[in-house]
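Since the structure comes first, as structure tokens, the remarks are kept for the end.
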Amino acid sequence: MSLILALAACGGPPEEPAEPPHGYVAGASEASEAQSALAYTARDSRQLHLLDLATEQEKQVGLTIGARELTEDGRFVYVTDGDRTLEIVDAGVWTVDHTDHVHYYRAPERTLGTVTFDQPVATVAGFGAHTAVGTTDGRIRVLDRRQLEEGRISEVSTIDSGSTTALAVPYAEMLLVAVGDDRDKPANRIVAMGPDGKPNGALETPCAAPRGWVALRGGTVIACEDALVRIKQTDGGLTAQRLDAPGTVADTGFGFRPRSNEAAVAGKDTVWSVNAAKVTLKHLTVKDRELVTAASPADAATVLALDSAGTLASYDLESGRMLAEKPLKATTLTLDISRAYLAEPPARVIHEIDYADKLRTARTLRATEQPDLVVEVGR
């Protein structure tokens, strides 16, 4: 009887291979919550630290260059030496936003290697399928970001902007490229291009001296000299809407809460707060202090700003009134969905601030090396 059953089992139809579960990523484990970490380093250090915000445990990734600037795209940390070399580090933590639901992942952290350019690196923009690296000669090299996810650095194309601006923003499987007509002057428009670096006819819109960008749920926002331009993919293709800004928009970079529609950028005494979904822009002037950066908690009511003395303040967007302040001697500001993180390098600490509770200090995180350069990944 045992022999008959065994033969019957062997003679049955082969089993169909199981379908990978929704959200499956080879080589990564899925988590139930964001695997946020602070990536930090001392200036000129060859060690990148990854401080887990849930456990406060720290890992290190050795670098082959001395760090001068850090940029992140949620998963990858782009380290530059202040000149022509870029090192790409996979932080091993990231979030995939499907709008109606979110996936959180963790994988081993590692450096993927370096890329050397003909001129100093000026901009790095990573999002979706591509990472675009601009250099001071107005040229942009496009890397395949999905190959970075596989551990390989692969170049897709090189774009000549025809200007002094070297900025290309990956969006909707395309590139939004700052283009000009004079190699000695800044770009004057944004042109949609394919990954091959050729215009695809999807969009061309004016933008004087493009100087920064942010990808929000309601579209990508690019800062121009006197306006912000919201670009969004719709069923009919790409659309652009211009939001005129009073004065000159600064190039300090946008601060924003992940998976939101709002972001802020600061000038010396001015803050602009943009809502990409509603296509609105609010502006306030700050007196008696010099601002270095700003960020939006995405509550449609307030904005955070860090001044040159290292003090964090919260302002009402409508009246401009200060709601709370926190003297910290901080130099950097980053936000996640419920906290702000501000580094105080000489003290080797990073302050975790509850921005929804009158800037209350939630934790003081100790750094093993002076945190001159700090970005948040996994958020």
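Overview of results
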quantity	calculated
Those residues of the stretch 137-168 which are among the basic types (Lys, Arg) and either within 24 Å of Val96 (Cβ to Cβ) or in a helix (DSSP H, G or I) (or both), in sequence order	Arg145, Arg146, Arg152
Every residue from the stretch 47-59 that is surrounded by fewer than 16 Cβ atoms within 10 Å (Cβ to Cβ) and not hydrophobic (A, V, I, L, M, F, W, C)	Gln47, Thr55, Glu56, Gln57, Lys59
Evaluation of Ala122 against (1) touching a Ser or Thr at 6+ places or on another chain (Cβ under 6 Å); (2) surrounded by fewer than 18 Cβ atoms within 10 Å (Cβ to Cβ); (3) not in a loop (DSSP other than H, G, I, E, B) (one fails), failing number	(2)
Filter result for Tyr341 (hydroxyl-bearing (Ser, Thr, Tyr), crowded, with 19+ Cβ neighbours inside 10 Å and under 30 Å from Ser29 (Cα atoms))	yes
Residue match in the stretch 118-140 (condition: in contact with a Pro (Cβ under 8 Å, 6 or more places away or on another chain) and over 28 Å from Gln35 (Cα atoms))	yes
Complete set of residues in the stretch 232-251 that are over 15 Å from Lys278 (Cβ atoms) and either part of a strand (DSSP E or B) or of a type in the set (D, E, K, R) (or both)	Gln233, Thr234, Asp235, Gly237, Leu238, Ala240, Asp244, Asp251
Residue list for the stretch 37-52, restricted to those being in contact with a strand residue (DSSP E or B) (Cβ under 6 Å, 6 or more places away or on another chain) and part of a loop (DSSP other than H, G, I, E, B)	none
Unique residue being within 18 Å of the chain's Cα centre (by Cα), crowded, with 16+ Cβ neighbours inside 10 Å and of a type outside the set (Ser, Thr, Tyr) when the list is Ala178, Ala209, Ala132	Ala132
Residue count for the stretch 223-256, restricted to those that are touching an Asp or Glu at 6+ places or on another chain (Cβ under 7 Å) and in contact (Cβ under 8 Å) with a residue 60 or more places away in the chain	1
Residue list for the stretch 200-229, filter: outside any loop (DSSP other than H, G, I, E, B) and either under 20 Å from Glu155 (Cβ atoms) or among the acidic types (Asp, Glu) (or both)	Asn200, Glu204
Selection within the stretch 75-112 - part of a loop (DSSP other than H, G, I, E, B) and crowded, with 20+ Cβ neighbours inside 10 Å	Arg75, Asp81, Ala91, Gly92
Count of the stretch 282-297 residues which are of a type in the set (D, E, K, R) and within 24 Å of the chain's Cα centre (by Cα)	1
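The rows are residues; the columns are (1) crowded, with 22+ Cβ neighbours inside 10 Å; (2) farther than 25 Å from Ala122 by Cα.
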| site | (1), (2) |
| --- | --- |
| Ile231 | yes, no |
| Thr234 | no, yes |
| Ala245 | no, no |
| Thr252 | no, no |
| Ala264 | yes, no |
| Ser273 | yes, no |
| Leu284 | no, yes |
| Asp288 | no, yes |
| Leu291 | no, no |
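Every number in this text was worked out from the coordinates using simple rules, so none of it is lab data. All figures in this text were calculated on a predicted structure; none of them were measured in a lab. We place every Cβ from the backbone using ideal geometry, glycine too, and count neighbours over all the protein chains shown.
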